[in-house]
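Below you'll find the structure, written out as structure tokens, and then a few comments.
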Amino acid sequence: MMLPLALAAGCSHRGEADAESALYKRFSALPETAVAQVCGFALCDTVSVDVVLLQAESDAAWEHLKEMLAVDDTTGVTSWLGDTEEPATRAKWDGQPKLRVVASHAKRAVGLYRLDDERQYDALLDYQMWKMERKEL
Amino acid sequence: MTTFDKKWEHEEQQGLLQRLRGERGTWAKRRRTQRTVLATVAVLAVAAVPLIDYSMAADKRYDGVVCNRSGIADSHWADVAGHILTVKSYEL
């Protein structure tokens, strides 16, 4: 029986920096795709999130990833709030754990940022805005 | 001034000089010790600079990384996690 992803958050939630989450396990066997789980990625001094990163190592693998996660076939970056158990499913914030999914065509990479509460969601948006504002055009 | 007075004055001067010499010696010794301590601290500080891992001390951005590939530095993944969050949509 598959363990629901929401119940198997992994790493920092259990105080273990190297515990593999169900999300990581689900993607780690994908062919030609480097998969990593960054535990406790710091968004600011007090808030961190767990991230699963998928990086395609070939065009075919990237096409497969895009299809699997229903990524728009555009250039640049696509992002959405996804369901924890089915990241391809677009969702709205309802106070329950969600994934912020960001797909970068340039890097052929997808980041799945696990948001367990509003504090993490706020910190993630703050992080994005703060960094983007300071980037040179 | 009598001979006695002269001798008395001489002895007084000698005593004063002796006290001053003693004080000066003690002071010089303290100064030497201070300089030695300061020099030792400076040398140790300079020698320790390359030994300090600034990346770990000041910029620890994650708790740990698990990966299905070997040979990729953990910091690479932290960089990717930060980078794709902040790529503007028009950046290719």
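The values are calculated or read from the model by the stated rules, or taken from the named source; none is laboratory data. Computed from a predicted structure; not experimentally measured. Here Cβ is always computed from backbone atoms with ideal geometry, including for glycine, and neighbour counts include all displayed protein chains. When the accessible area is computed, the model is the full protein with side chains, heavy atoms only, and any ligands, DNA or RNA have been set aside. Shrake-Rupley method; radii C 1.70, N 1.55, O 1.52, S 1.80 Å.
Per-residue Karplus couplings for region A:68-77, computed as 6.51 cos²θ - 1.76 cosθ + 1.60 with θ equal to phi - 60°, are listed in order as 5, 9, 6, 7, 4, 7, 10, 8, x, 10 Hz, Gly and Pro entered as x.
Counting partner chain Cβ atoms within 10 Å of every residue's Cβ in B:64-76, what's the average? Working shown, then result.
Details: counts 11, 11, 16, 8, 12, 7, 0, 0, 3, 0, 2, 0, 4.
Taking the mean over all residues of the peptide, I get 6.
Measuring against 26 Å, Cα to Cα, the residue pairs A:LYS66/B:LYS60; A:LYS107/A:LYS131; A:LYS92/B:LYS60 contain A:LYS66/B:LYS60; A:LYS92/B:LYS60 as the ones spanning a longer distance.
Once fully extended, how much extra length lies between B:ALA28 and B:GLU12, figured as 0.36 nm per residue of separation less the alpha-carbon to alpha-carbon distance? Intermediate results must be reported in sequence, preceding the final value.
Details: separation 16, 0.36 × 16 = 5.76 nm, distance 2.40 nm.
Taking B:ALA28 through B:GLU12 to full extension adds about 3.4 nm, to one decimal.
On the beta carbon distance between A:ALA91 and A:GLU32, with R0 = 25 Å, the FRET formula returns roughly 0.30. Association of chains B and A removes close to 2800 square angstrom of accessible area from solvent, both sides included, for a probe radius of 1.4 Å.
Net charge of the neighbourhood of A:PRO87, taken over other residues with C-beta under 11 Å away and scored Lys/Arg +1, Asp/Glu -1, is +2.
Rounded to the nearest whole Å², what accessible area per residue is found for region B:1-52 with the 1.4 Å probe?
Details: 5090 Å² over 52 residues.
It amounts to 98 Å² per residue over region B:1-52.
Using the Cβ of A:GLN96 as centre and a radius below 13 Å, the other residues enclosed give a net charge of -3, where K and R count +1 and D and E count -1.
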